[in-house]
Amino acid sequence: MIRHRPLGSGHPYSVDTEQRWPLDPVAGEPLRLGVRATPEVEAVQVEVEITDAAGALRTERHPLARVASTSRGQTIDGGHLASAQARLARRAGGWAVEVPAPEAGSAIRYRFEGRTAGGDLQRTRAFEAVVSGWADASDDVVATDGARRVVPGSVQVLTDGTRVRRVRFALPLVAGEHVTGFGERFDRLDHRGTELDSVVFEQYKSQGAERKTYLPMPFAHVVGGEGWGFHVRTSRRVWFDVGASSPDRIVVEVETDAAAGEPAVTVACYDGTPTAVLDAFLAEVGRPEELPDWVFRLWASGNEWNTQAEVMRQMDLHRDHDVPVGSVVIEAWSDERTFTAFRDARYEVSEDGAPHRLADFDFPADGAWPDPKGMVDELHDRDIRVHLWQIPLLKARPHPTGQARADALAAAREGVLIREPDARGGLRPYRNRGWWFPLSTMPDLTDERAARWWTEKRRYLVEEVGIDGFKTDGGEHAWGRELAYLDGTRGGEGNNRFPVAYAKAYGDLLRSAGKAPVTFSRAGFTGSQAHGAFWAGDENSTWDAFRWSMFAGLSAAASGILYWGWDLAGFSGDLPSAELYLRATAASTFVPIMQYHSEFNHHRRPSRDRTPWNLAEQTGDDRVLPVFRAFAHLRERLVPYLAAEAAESVRTSAPLMRPVYFDHPSLETAWTHPLQWFLGRDLFVSPVVTEGETEHETALPPGEWADAWTGEPVAGDAIVRADVPIDRIPVFVRAAAWPTLRGVFEARA
């Protein structure tokens, strides 16, 4: 057997063995053609028919050479779970060849032949492509809204003469300017001198090192000169060369699908301060809305809190240790097949896929969840909100049975799934190509009817069980530009939009039930600003990950994400040291969402829960519990301030967790000391993010300040050094606000 998938899996950062690359052949560049073959195949060749622009036909034959097999980029990115490693051992071998692409406008038709040791011949069907070429184009191909900043004469298009596949153009960059934003970015604040792109991707850990992100946006601030920003108005993939190739230019390359000679992309340019730029951007793409005050209290979760008894035990421990908690996120609650029914619940299968109500379920007294509603009611009596974990997939492994099977059949029958082309030229349900929940189908949550079909199955959880919100995890599973959404949009345009629609769908469900639209997502794109809260994804408990997460929070805030947090001190791998845990706790006290979480560890001992009592026990450090407790109580006292400042942020667009350059765009220390921020109008935070640090340097911005812990006045626009014992984080209060805020800190001091 030999197999060729011309568009591959759609992995944005890796070329699969059996695909064509580039997907759109480019004149003058090598064209890679590959297949995957079973072991009995001993030789493979490709026959290529080329019809040039003048109509002349020629045929070429090229032998393929054996190559290492890759699938879904796993040889580059590892994989999400252990099962990904098993896939690397597939028996099928890889074959590939590089051939020169002919001139632009040429049509290519190719097919592969494989010969076995026994002399049998195997052939694929024929595949077709048209060659494109880069050409200079009119400046009018790039439309602008606002000041026209496109460098004259810089526009180029990749075209086959009929359609434009990509557009490339330049924006000016002058000495002293810094370029920041681009959604949630983990590696740095200022991206000048680097290259990056905007595509939603599940980078499981090491986001800062890999420079990939769950939450990109083709939007940036240009700070330090006259002050401006830009937004490439597209949901397609965009690449940015931010002065890396030429120091006086930002080179932008955009995927598109436009008629040759027509405008292919629009760039909005906004002038003014960073706040003015962000305000103009949010007016266009959607603004955050105020969420309830309780979202600012501590969030707690652990993947091994997978029974009602364990959830209540952990909440009891918070009470017993005097650690106030405002929300619990229950991840391992469902049957892991439907994501709508509690594990162990007994019920009649709804064969037509219709939603269940609470009365349809029987919860065994000896089951994992004997009384979900009673549990939620009790937690509400304790002033704790409850959130349930979700995945936007219909699982296919193991083979679905019961309600999962009925739902899968109903989804196909009701026409609510994202689809992909089949071998006969039709469409079939899309099967997840990522590492996590492989082959699952996906509801098209960008479609209102499909979104309602999906969320109605969860209505009883909100209206009857009393759930307060959802952790809308895993919004990164739409891969491939050929995917077909229900409105006719293809994947190249629709995939980045999916996580925005995902959070919106659950927010709409909550709102329709009279509740605040509190969702907690890691994936997103332009437009996510208007839909709930976010966390920075999966990371190990390392100092590098701590720093990466702080960069992520600041860049997300600069892009309009108001409610943002992270798994403090990481959620995976070895437990953090007591020092890392407490430094991360201190920093998390002063970001919009304070929460801890831990990965599933198969209940092995010792426990890897990130609770403060487990950290205290495992590290043997008797400082952990009292210091964590003190910061948790400080956080409780900060809630009124945070809620008021969030409202101010919604009103003005000035971020709640605000990079220094927003208030002081010409201040050089905004870039030399990037991991510092304003929290609202009156607090300035400079966390300790380096192991072993005992004296910390803060680049205090201009103004009159008070040390939050001593009340001593401190003059701004200066470098301030101070001792930082483990129970201290450098925080300064604007002098005019000190009389109001001193009580928040004096109770802690």
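Of all residues in segment 674-684, those satisfying the criterion of being part of a loop (DSSP other than H, G, I, E, B), in contact (Cβ under 8 Å) with a residue 24 or more places away in the chain and of a type outside the set (A, V, I, L, M) are Pro674, Gly680, Arg681, Asp682.
Per-residue answers, yes or no, for (1) crowded, with 18+ Cβ neighbours inside 10 Å; (2) within 36 Å of the chain's Cα centre (by Cα); (3) of a type in the set (Lys, Arg):
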| site | (1), (2), (3) |
| --- | --- |
| Gly28 | no, yes, no |
| Leu33 | yes, yes, no |
| Ala37 | yes, yes, no |
| Glu40 | no, no, no |
| Ala43 | no, no, no |
| Asp52 | no, no, no |
| Arg58 | no, no, yes |
| Ser69 | yes, yes, no |
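Within segment 176-230, if we keep just the residues that are basic (Lys, Arg) and within 16 Å of the chain's Cα centre (by Cα), the residue that is surrounded by the fewest Cβ atoms within 10 Å (Cβ to Cβ) turns out to be Arg211. When each of Pro687, Pro725 is tested for being assigned to a loop (DSSP other than H, G, I, E, B) and more than 30 Å from Ala276 (Cβ to Cβ), the lone residue that passes is Pro725. If you check Ala530, Ala557 for being buried (at least 20 other Cβ atoms within 10 Å of the Cβ) and in the same structural domain as Glu310 (by TED's automatic domain parsing), only one passes: Ala557. Of the residues making up segment 239-256, those that are over 25 Å from the mean Cα position of the chain (by Cα) and of a type in the set (D, E, K, R) are Asp248, Arg249.
Filtering Trp613, Trp566 for residues that are among the aromatic types (Phe, Trp, Tyr), more than 20 Å from Ala747 (Cα to Cα) and in a helix (DSSP H, G or I) leaves a single hit, Trp613.
Here the condition is being more than 19 Å from Thr194 (Cα to Cα) and part of a strand (DSSP E or B); of Thr275, Thr256, Thr234, it holds for Thr256 alone. Scoring Arg547 on the criteria (1) within 18 Å of Met442 (Cβ to Cβ); (2) outside any loop (DSSP other than H, G, I, E, B); (3) of a type in the set (D, E, K, R) leaves a single failure, condition (1).
Can you say whether Val142 is under 22 Å from Arg166 (Cβ atoms), modelled with pLDDT of 95 or more, surrounded by 12 or more Cβ atoms within 10 Å (Cβ to Cβ) and not polar (S, T, N, Q), as far as the supplied structure shows? Yes; evaluated as a whole, the condition is true for this residue.
Here Pro288 fulfils each of the conditions (1) in contact with a strand residue (DSSP E or B) (Cβ under 7 Å, 6 or more places away or on another chain); (2) touching a residue at least 24 places away in the same chain (Cβ under 8 Å) apart from (1).
Does segment 602-609 include one or more residues that are within 16 Å of the chain's Cα centre (by Cα), surrounded by 19 or more Cβ atoms within 10 Å (Cβ to Cβ) and among the acidic types (Asp, Glu)? No, segment 602-609 has no match at all.
Where strands (runs of 3 or more DSSP E) sit wholly within segment 77-123, those with at least 2 residues that are modelled with pLDDT of 95 or more and among the aliphatic types (A, V, I, L, M) occupy 93-100, 107-116.
The C-beta contact set for segment 159-170 (first residue on the phi > 0 side of the Ramachandran plot, second residue among the hydrophobic types (A, V, I, L, M, F, W, C), distance under 8 angstrom, 6+ apart or interchain) comprises Gly161/Ala53; Gly161/Ala104; Gly161/Ala260. Quick one: count up the residues across segment 288-319 that are of a type outside the set (A, V, I, L, M, F, W, C) and under 21 Å from Thr589 (Cα atoms). Here the count works out to 9. Looking across segment 127-158, the residues that are farther than 30 Å from Glu284 by Cβ and touching a residue at least 24 places away in the same chain (Cβ under 8 Å) come down to Phe127, Ala129, Val130, Val131, Ser132, Gly133, Trp134, Ala135. Looking only at residues in segment 259-272 that are part of a strand (DSSP E or B) and small (Gly, Ala, Ser), the one that is modelled with the lowest pLDDT is Ala259.
Residues of segment 690-712 that are in a strand (DSSP E or B) and surrounded by fewer than 12 Cβ atoms within 10 Å (Cβ to Cβ): Glu695 alone. Taking first residues from segment 487-500 that are free of Cβ contacts under 8 Å to residues at least 12 places away in the same chain and of a type in the set (A, V, I, L, M) and partners that are in a helix (DSSP H, G or I) and surrounded by 22 or more Cβ atoms within 10 Å (Cβ to Cβ), no Cβ contact under 7 Å between residues at least 6 apart in sequence or on separate chains turns up. Hey, any hits in segment 303-316 for a residue that's closer than 22 Å to Val639 by Cα, touching a residue at least 12 places away in the same chain (Cβ under 8 Å) and either in the same structural domain as Arg637 (by TED's automatic domain parsing) or touching a strand residue (DSSP E or B) at 6+ places or on another chain (Cβ under 6 Å) (or both)? Within segment 303-316 (the criterion being closer than 22 Å to Val639 by Cα, touching a residue at least 12 places away in the same chain (Cβ under 8 Å) and either in the same structural domain as Arg637 (by TED's automatic domain parsing) or touching a strand residue (DSSP E or B) at 6+ places or on another chain (Cβ under 6 Å) (or both)), the answer is yes, since at least one residue qualifies.
The values are calculated or read from the model by the stated rules, or taken from the named source; none is laboratory data. Nothing here was measured: the structure is a model prediction, and the numbers come from that model. Counting neighbours? That spans all protein chains shown, and the Cβs are built from the backbone with ideal geometry, glycine included.
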